[in-house]
């Protein structure tokens with residue numbers, strides 16, 4: 001599955017089509033221009049607070065912004081993780097419930 005950093009999505013679907021400057025976007029979001037620049041460049045992860053700000057400004061749920069960040073972060077973690085030093089732990093199978101005859105006795 002290919003994922004996209006929320007900043008890349010923001011640039012592609014909102015900033016570029018609406019001809020927004022980073023300064024204009026920062027003012028709308030109530031954050032600094034460098035914060036917007038880092039997000040658009042994918043140099044910082046989307047915070048829950050920024051997701052709420054984006055949700056208000058663009059009328060797209062904060063949950064959808066955070067889900068995009070989560071999927072992107074998980075994809076990066078899965079690619080980066082070396083599993084050779086990990087060891088699985090086997091959980092015991094769940095106990096089967098006693099049948100009615102045993103319970104009735």
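Throughout, read-outs are computed from the coordinates displayed, never taken from laboratory work. Fair warning: this is a prediction, and the values are worked out from it, not measured in the lab. Because the Cβ atoms are built from the backbone with ideal geometry, glycine has one as well, and the counts that use them run over all protein chains shown.
Brief remarks follow.
- Between residue 73 and residue 87, the contour length at 0.36 nm per residue exceeds the alpha carbon distance by 2.8 nm.
- Alpha-carbon centroids, region 54-91 and region 1-31: separation in whole Å: 20
- Segment residue 19-residue 47, length gained on full extension (0.36 nm per residue, minus Cα span): 7.7 nm
- Pairwise label distance in nanometres, residue 58 with residue 27, each label 7 Å out on the Cα-Cβ vector: 2.0
- Cβ-Cβ FRET estimate between residue 12 and residue 80, R0 fixed at 25 Å, reported to 0.05: 0.55
- Taking Rg and Dmax of the Cα atoms in Å as calculated from this structure, the corresponding entry among (1) 18.3, 55; (2) 13.8, 46; (3) 22.6, 77 is (3).
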